[in-house]
Amino acid sequence: MASATIKRRTEEKPVNGFLTISTISKAVAAGSTWEDKDEFLDVIYWMRQVFGLVQGLIWGLLPLKGFFGLLLFFVFNLGIIYLYYNSFQKIDDEEYGGASEILKEGLMTSFAAFLVTWIIIYSSLHTSS
């Protein structure tokens with residue numbers, strides 16, 4: 001009875017777009033099978049949000065500024081996602097509407113999180129008040 005309850009909990013759909021434990025385990029395992037298209041796109045979305053925050057923190061600490069910092073954000077963010085789905089997960093991007101559909105999933109929200117984090121960290125550490 002207890003194992004059935006645990007199994008049912010792990011098979012539940014994520015609430016409000018958050019990832020379940022089974023989804024996270026598939027995300028970190030190479031070459032996972034994704035039956036649900038939205039599940040894989042949720043992984044891309046949340047991975048990108050984490051990368052955006054981490055990049056904003058690093059860019060603020062370094063201190064990068066200007067167009068060069070923005071350009072590096074897009075190069076790293078798009079590059080990491082491309083390598084993840086193409087090399088690590090070996091996903092056929094045509095099943096998801098092409099490479100552009102996967103690469104733009106969550107990009108603008110990640111960019112917003114990156115900018116806010118970068119500006120706050122940079123301003124608090126590298127400007128005199």
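Over the chain, what is the mean sequence separation of C-alpha contacts under 8 Å (at least six apart), divided by residue count, expressed as relative contact order in percent?
Relative CO of the chain lands at 35 percent.
Given a 1.4 Å probe and heavy atoms of the protein chains only, how would you sort PHE88, PHE67, largest accessible area at the top?
PHE67, PHE88
Please report Rg (one decimal) and Dmax (integer) in Å for the Cα set of segment 42-129.
14.4, 52
Label 7 Å along Cα→Cβ of THR109; segment 50-90 residues with amide nitrogen under 11 Å?
50
What size of dipole, in debye to the nearest 20, comes out for the chain about its Cα centre when the only charges are +1 on Lys and Arg C-beta atoms and -1 on Asp and Glu C-beta atoms?
540
Based on DSSP H runs of at least 4 residues, each adding -39500 (n - 2.57), what is the mean residue ellipticity at 222 nm of the chain after dividing by all its residues, to the nearest 500 deg cm²/dmol?
-21500 deg cm²/dmol
At a 1.4 Å probe, what is the % contribution of carbon and sulfur to the accessible area of the chain?
Here it works out to 67 percent.
Report the extension gain between ILE58 and SER124 in nm, rounded to one decimal, defined as 0.36 nm multiplied by the number of residues separating them, less their alpha carbon distance.
Working it through step by step, the gained length comes to 22.4 nm.
The values are calculated or read from the model by the stated rules, or taken from the named source; none is laboratory data. Because the structure is predicted, anything quoted here is derived from the model rather than measured. Cβ atoms come from the backbone with ideal geometry, glycine included; neighbour counts cover every protein chain shown. The protein model used for the area step is the full one, side chains on, heavy atoms only, and it has no ligands, DNA or RNA in it. Shrake-Rupley method; radii C 1.70, N 1.55, O 1.52, S 1.80 Å.
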